[in-house]
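Written out below as structure tokens is the structure these notes cover.
Derivation of every value follows stated rules applied to the coordinates shown; laboratory data play no part. All of these numbers come straight from a predicted model, not from anything done at the bench. Positions of Cβ are generated from backbone atoms using ideal geometry, with glycine treated the same way; all protein chains shown enter the neighbour counts.
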Amino acid sequence: MIKSEIEKQARRAARIRWIVMVILILVVFFSVFSSFLKTMPDMNGRKYVEMKSDISVDIIHADGRIDYDLPPEYWMANQGDRVEMNLLLPDTPPYKDSYLIFYEYNCLTEFKIDVQPYEVRLNGDENGMTYTEYLEKELEDTYMIGNIQYIVPIPDNAWGSTLTVILRPQENKLQPINSDLYLMPAADVRYQPLLGHEAAFFMYICAIVVSCVGCAAGVLRMLFMKRGAELLLVSLFVLFISSWYFGRYHLLYLLFTNVRLCSKMEYYSLYATPMFMSWYLGKLVKKPRERRYYKWFGFVFLGLFMMMIMSMIFLHIPLNETLYPFQLIALSALLLTLMLNVRNFFRDNDPSTLVLMGGMIITTLLLAVQIICIWGMGVPGLPDWLYSIMNIDYISWVLLVMIFSMLYSLMELSAKRSKETIWNETLEEMAYVDSLTGIPNRTSVMENMETLRKEDRYAVFFLDVDKLKRANDFYGHKIGDELIRMGAAVVKEAFGDSEGFYGRWGGDEYVAFVTDVSWAEDFGFRISQVTEMKNRAAGEQLAVPLQMSVGMYIHQPGEDETPKECMDLADKLMYENKKKRYAQSPEGIAPATI
């Protein structure tokens, strides 16, 4: 019964915490949503000009071969190739200030209008450096360019002409050249990444804000409450996986103007995410061997992350070149995680664990498929239908599964911790509280007696329920227990706010230590007063009225008596008082007829 009640209390506490958290998330969501809407132009009803169908692409391969006018599914090039995207501009501008916006990954880029060089400056800024200057500097510094947003203003005299975008890929594998190209008004170009990702943007920006709050809360819990790192690990995981989503779908360009950060954040987040997930899983599993596996894989991913940073800074090895060993290790870790989760899925009967394991199985399978598809994109000669399958964005579908699986497991872990806390508090309470009466027990009284000193002045009361044995003999132990509970209630209520402590010493005996002796006389008076009040309240429901004998002894400062000896003296005085009461009622307790 106690365990069942504790589980109910723990789940109730966990639900309350998560309801509060959901309310806070909704508040953050709508705050971010309303704040962002205030900065956005009115994009409702605007139809931007999608230019992909107006492009012809020629690829001049490194070996001298030339492919002319390729369809979009074959816009793939390798390092050393030259890709020429020829875009026929409309005769008239669709907007007053029209810009072309698109994205390309890890490519050197040039622009021409009717074969004449056209210098485009970073972010469309007339005073900034050109894209060519920036990209060449990136290659010199880090040997990697990243996922660049191109904002190309169209001159008034260029309409009706051909705009040529020349791309030189910098990767040693086939690279898709498949960005959508839009003509948009100048005021809207910043918001182009939102097209098709509106809901995801607001969802993940709230996830980032909430995860930052969770990181701060997790650190505070660890420092001041000595709690585990689970909240911090889950918050970091959600933060980096959301940042990865922002980097992959160019949404960081909505928030920041730092091109280097926006173009490479996808990689930093990708390298950092697995270690937090591994460490968190290591705290959930029960078997020590599996815990060690997750713990060490977390350190392996941390080592890879540090090696990637060091290689880029000191050896000028681009981030994408270290991605292949990272993917291989990540795939191995995912497959091993899949096997462990499948095994645990069929062995564990806990519904909450089954949901977590099921989510992790789905997550692991889809991540493995995504990694295999990334590798497969570089294999030439595959059928078109296979390329279509590999172009599916599996990881975007799995992100929510990963996040909600981990949040659900964190909620269950929170409920488990709450249950343990409540159970420990219950055990502690049971150790110091009398189970029959609910007042402090003998152990509590003895520990409090150790705090008293010889120099203290205090009064000791020893109390006893009169004629309890006869009540048990005539009416049974149920009536006797009720008298003991009533006696405890009398002591508790009479003690009130007095300074000191009290408790049940054993059987029908109670003890009270009043450290402010000026209250002693009042305490003795209130014992009689509360006893009479309890008897009147019980009326005929109680077969026997409650009667109590009390003995009091006052310890004077400097006397050699210990608190236990003072209590024994109070006990003797109580028995003397009891004898006097019995002498006044020699017949004792009458049968039920009276």
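So if we plug the beta-carbon distance of M225 and F525 into 1/(1 + (r/R0)^6) with R0 = 41 Å, what FRET efficiency do we get, rounded to 0.05? So the FRET efficiency works out to roughly 0.35.
Packing around the peptides 114-125, 238-249, 500-511, taken as the average count of other Cβ atoms within 10 Å per residue, puts them in this order, highest first: 238-249, 500-511, 114-125.
In region 49-193, a dipole from Cβ-located charges (positive for Lys and Arg, negative for Asp and Glu) runs towards its positive end, and of Q79, T130, P193 it is P193 whose Cα lies farthest in that direction. Scaling the Cα radius of gyration of region 49-193 by the globular reference 2.2 N^0.38 Å produces a ratio of 1.01. Rounded to the nearest 20 debye, the dipole magnitude of region 50-206 is 180 debye, with +1 charges on Lys and Arg beta carbons, -1 on Asp and Glu beta carbons, and the Cα centre as origin.
Put +1 on the Cβ of each Lys and Arg and -1 on the Cβ of each Asp and Glu in region 442-584; which of A471, S518, V530 then has its Cα farthest toward the positive end of the dipole? Toward the positive end, the furthest listed residue is A471. For the Cα trace of region 442-584, dividing Rg by the Kirkwood Rh returns an Rg/Rh value of 0.98. Put simply, when 485-494, 179-188 are sorted by average Cβ atoms within 10 angstrom per residue, most first, you get 485-494, 179-188.
Quote the charge dipole size of region 107-198 about the Cα centre in Debye, to the nearest 20; the model charges only the Cβ of Lys and Arg (+1) and of Asp and Glu (-1).
220
Using r as the Cβ-Cβ distance of K47 and D97, and R0 as 22 Å, what FRET efficiency do you calculate, to the nearest 0.05? Once rounded, the FRET efficiency stands at 0.85. Highest mean first, the peptides 101-113, 558-570 sorted by other C-beta atoms within 10 Å per residue fall in the order 101-113, 558-570. Among residues other than K112 with Cβ under 11 Å from its Cβ, the summed charge is -4 (Lys and Arg +1, Asp and Glu -1).
For region 442-584, a crude dipole built from +1 on the beta carbon of Lys and Arg and -1 on the beta carbon of Asp and Glu, taken about the Cα centre, is about 680 debye to the nearest 20.
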